[in-house]
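Written out below as structure tokens is the structure these notes cover.
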Amino acid sequence: MYRTHTCGELRLDHQDQEVTLAGWVQRTRQFGGMTFVDLRDRYGITQLVFNDDTDADLCAKANDLGREFVIQATGKLMERTNKNPNLPTGDVELIVSDMKVLNASKTPPFTIEEESDGGDDIRMKYRYLDLRRPSVQRNLILRHNVAQEARRYLCEQHFMEIETPFLIKSTPEGARDFVVPSRMNEGQFYALPQSPQTFKQILMVAGYDKYFQIVRCFRDEDLRADRQPEFSQIDCEMAFVEQEDILNTFEGMLRHIVKYTRGYDIGEVERMSYNDAMEFYGSDKPDVRFGMKFVNLNEVSQNKGFKVFDDAELVVGIVAEGCAEYTRKQLDALTDWVKRPQIGAKGLVYVKCNADGTFKSSVDKFFDQDALKAWAEKAGAKAGDLMLVISGRTDKARKQMGELRLHMGKELGLRNPDEFKALWVLDFPLLEYDEEEDRYVSTHHPFTRPKAEHVAKMFEDPGGVLADAYDLTLNGNEIAGGSIRIHERDLQERIFELLGMSKEESEEKFGFLMGAFEYGAPPHGGIAFGFDRLCAILGGQESIRDFIAFPKNNSGRDVMIDAPSLIDEKQYEELYIRPVEVEKA
Ligand code: ASP
């Protein structure tokens, strides 16, 4: 037996027991004829004591231990005289009578502690060492718990976990496919699923009316900081449901997960239309942990001789409560912030609502006290508040103001990572215009159901068609998205036509799905949660990287195993593909 206990479980109750522990050497220190070793495993750290007086050889052996050596130690558990209140095992120590080195270790290239001194690259290369750090471990434990709680909730609701294939035909969801050459079918390729979308719909046709899967998805996109080429979804689908049923089921799931992993009650989940989200928060995933709603100032600010506003499609403001005392320097910093290329505003107008009832603005030349008072009234700004105003093309001004609102929320400490506020965003447009492709594309995906009352105008006014589509957001992040689906062949055909697909093309790509719709497809709908993202938010962090055991870096590489890589000559041949060098020659 390698161990009788873990390094995290011994307490005063175990006093005088003979125990054996196994783990990694966190550190050693010598002190007046004694050697202390902190022994670590994933459960915690226990202090080992070697006494030079009782066993000089053993103590010498302990002095030779390096960081991350794997050892086994047996001895008697004793109460510590010098207790460590910061460690759960801090009341006890193991007086070692026997110790065996199970394996030595090279000196690790970075410190394996809560905060590491290692940069990203080195931590990823030695991910097995990085994963020993308690902070990364906690993230993976949280991930495990979120998965278990999702399963528990869904199983209680009679969902069935069903696996769908990874080697499939491409199902476009707006990203590029990863493809896999087929050895047995010359010149043909599988695609890795961007999501199990079509399979879960087929499962509904097959009668498995409540499906879920915690499933890997693959999207070959240019990577942003919080994107991974392979990521996980909690993917769900239900038959015989309306949007309302889906919303209730899955806000229930979120409530359950947050309650059992974070001990937090998210309460009722508010709902907002996509249009309102854009109009009042400039975002389709507003952070509603705080207010600072947008106010349209067109009426009170235009046609007063200030050209910038007169030429603008939208003049929009927010109120930062209690910020009238902002200094010149602070206001300049805010102006610089919105002018950065990432935000792209031309400028920022401010109005200080002074405590004495007067106003001081950056546009005093154009607007007198009465005019500014009208703004403040319109925006509900009180004495002591600061109004910030941006103008321009509606979509741009909203986006810029949305960013500024988040920035102010952060500055003012209104975005507390220990508070969880969910929001449903509903009634998304079915389509959005893609300038590059010069055609309409699906906002979600082509299987999304247009609102019944909008089907008739689909072809005349594609941009005005709303869908039975919904996103679930948490603290300003999209954590899930889904829709009620089309389950009739003819409607699905018409949507493909609307998307500019020929009959042949849609038949070739999705004939199997439309064929299935002809054999008794029930009304159905579903949703998928971004599992990695959900874990990161519940862990109070922005990046999903440290919630994935083996993530890829920003260039899509796994630097530990060094993938992607070239393959054998023979493999190229078998797969009917040629290495680039051959092609070039
Ligand atoms: N398959 C969709 C996605 O990956 C989610 C859904 O509609 O259920 O975003």
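The values are calculated or read from the model by the stated rules, or taken from the named source; none is laboratory data. All of these numbers come straight from a predicted model, not from anything done at the bench. Here the Cβ positions follow ideal geometry from the backbone for every residue, glycine too, while neighbour counts run over all protein chains shown. Heads up: the accessible areas ignore ligands, DNA and RNA and are worked out on the full protein's heavy atoms, side chains in. Shrake-Rupley method; radii C 1.70, N 1.55, O 1.52, S 1.80 Å.
Results for (1) within 13 Å of the ligand (Cβ to nearest atom); (2) more than 18 Å from Glu478 (Cα to Cα), shown as yes or no for each residue.
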| position | (1), (2) |
| --- | --- |
| Gln188 | no, yes |
| Ala191 | no, yes |
| Pro196 | yes, yes |
| Met204 | yes, yes |
| Gly207 | no, yes |
| Cys217 | yes, no |
| Asp222 | no, yes |
| Gln228 | no, no |
| Phe231 | yes, no |
**Message:** Can you list residue pairs whose Cβ atoms sit under 8 Å apart, with the first residue in the range 560-579 being within 30 Å of Leu129 (Cβ to Cβ) and the second being open to solvent by less than 80 Å² (accessible area, probe 1.4 Å) and outside any helix (DSSP H, G or I)? Count only pairs 6 or more apart in sequence or on different chains.
**Reply:** Met560/Tyr126; Ala563/Arg557; Pro564/Gly556; Pro564/Arg557; Leu566/Pro579
**Complete:** Exception for Phe290 within (1) in contact (Cβ under 8 Å) with a residue 40 or more places away in the chain; (2) open to solvent by 80 Å² or more (accessible area, probe 1.4 Å) falls at (2)
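For the structure I just gave you, tell me whether Glu505 is of a type outside the set (Lys, Arg), farther than 30 Å from Thr261 by Cβ, modelled with pLDDT of 95 or more and more than 16 Å from the ligand (Cβ to nearest atom).
Details: of a type outside the set (Lys, Arg): yes; farther than 30 Å from Thr261 by Cβ: yes; modelled with pLDDT of 95 or more: no; more than 16 Å from the ligand (Cβ to nearest atom): yes.
Answer is no for this residue.
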**Candidates Arg67, Arg152, filtered to the one that is touching a residue at least 12 places away in the same chain (Cβ under 8 Å), open to solvent by 20 Å² or more (accessible area, probe 1.4 Å) and touching a Pro at 6+ places or on another chain (Cβ under 8 Å)** = Arg67
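Considering the range 28-62 alone, what residues qualify as being in contact with an Asp or Glu (Cβ under 6 Å, 6 or more places away or on another chain) and at pLDDT 95 or above? Spell out how you get there, then give the answer.
Step one: of the range 28-62, the residues in contact with an Asp or Glu (Cβ under 6 Å, 6 or more places away or on another chain) are 33, 45, 47, 49, 59.
If the condition is that a residue be in contact with an Asp or Glu (Cβ under 6 Å, 6 or more places away or on another chain) and at pLDDT 95 or above, then Ile45, Gln47, Val49, Cys59 are the ones that fit.
Determine if the range 536-546 includes at least one residue that is surrounded by fewer than 19 Cβ atoms within 10 Å (Cβ to Cβ) and over 10 Å from the mean Cα position of the chain (by Cα).
Step one: list which residues in the range 536-546 are surrounded by fewer than 19 Cβ atoms within 10 Å (Cβ to Cβ), which gives 540-543.
Going one step further and asking which of them are over 10 Å from the mean Cα position of the chain (by Cα), we end up with 540.
There is at least one residue in the range 536-546 that is surrounded by fewer than 19 Cβ atoms within 10 Å (Cβ to Cβ) and over 10 Å from the mean Cα position of the chain (by Cα).
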**Asked** Out of the range 217-267, which residues are farther than 18 Å from Asp177 by Cβ and among the aromatic types (Phe, Trp, Tyr)?
**Response** Phe240, Phe250, Tyr260, Tyr264
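Could you tell me whether Gln213 is at pLDDT 95 or above, within 20 Å of the chain's Cα centre (by Cα), within 13 Å of the ligand (Cβ to nearest atom) and within 19 Å of Leu513 (Cβ to Cβ)?
Working: at pLDDT 95 or above: yes; within 20 Å of the chain's Cα centre (by Cα): yes; within 13 Å of the ligand (Cβ to nearest atom): yes; within 19 Å of Leu513 (Cβ to Cβ): yes.
Here the answer is yes, as Gln213 does meet what is asked.
For the range 88-105, how many residues meet the condition of being open to solvent by less than 50 Å² (accessible area, probe 1.4 Å) and in a loop (DSSP other than H, G, I, E, B)? Working first, answer last.
So in the range 88-105, the residues open to solvent by less than 50 Å² (accessible area, probe 1.4 Å) come out as 89-90, 92-94, 96, 99, 105.
When the remaining residues are screened for being in a loop (DSSP other than H, G, I, E, B), the result is 89-90, 105.
Within the range 88-105, residues that are open to solvent by less than 50 Å² (accessible area, probe 1.4 Å) and in a loop (DSSP other than H, G, I, E, B) number 3.
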**Asked** Are any of the residues in the range 283-293 farther than 18 Å from Asp395 by Cα and either among the basic types (Lys, Arg) or part of a helix (DSSP H, G or I) (or both)?
**Response** yes
**Prompt:** Within the group Asp434, Asp385, Asp427, which residue is of a type in the set (Asp, Glu), open to solvent by less than 60 Å² (accessible area, probe 1.4 Å) and within 16 Å of the ligand (Cβ to nearest atom)?
**Reply:** Asp427
**Prompt:** Going through the range 106-124 one residue at a time, which ones are within 23 Å of the chain's Cα centre (by Cα) and either open to solvent by 90 Å² or more (accessible area, probe 1.4 Å) or closer than 15 Å to Met560 by Cα (or both)?
**Reply:** Glu115, Gly119, Asp120, Asp121, Arg123, Met124
**Asked** How many residues, within the range 442-485, are of a type in the set (Val, Ile, Thr) and part of a strand (DSSP E or B)?
**Response** 4
**Any hit, the range 463-471, residues being closer than 25 Å to Leu142 by Cα and within 11 Å of the ligand (Cβ to nearest atom)** = yes
**Request:** Of the conditions (1) touching a Gly at 6+ places or on another chain (Cβ under 6 Å); (2) surrounded by 15 or more Cβ atoms within 10 Å (Cβ to Cβ), Gly322 clears all except one; give me its number.
**Result:** (2)
**Prompt:** How many residues are open to solvent by less than 60 Å² (accessible area, probe 1.4 Å) and within 20 Å of Ser170 (Cα to Cα) if we restrict to the range 501-523?
**Reply:** 10
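Please list, ordered by residue number, the strands (runs of 3 or more DSSP E) wholly in the range 1-51 having 3 or more residues that are free of Cβ contacts under 8 Å to residues at least 40 places away in the same chain and either under 35 Å from the mean Cα position of the chain (by Cα) or under 17 Å from Val101 (Cβ atoms) (or both).
On the way: elements: 18-31, 34-41, 44-51.
Result: 34-41.
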**Message:** Among (1) modelled with pLDDT of 95 or more; (2) open to solvent by 40 Å² or more (accessible area, probe 1.4 Å); (3) away from the ligand (no atom under 15 Å from the Cβ), there is one condition Asn477 misses while meeting the rest; what is its number?
**Reply:** (3)
**Prompt:** When both residues are 6+ apart or on different chains and their Cβ atoms are under 7 Å apart, which pairs have a first residue that lies in the range 483-495 and is more than 16 Å from the ligand (Cβ to nearest atom), and a second that is small (Gly, Ala, Ser)?
**Reply:** Glu493/Ser506
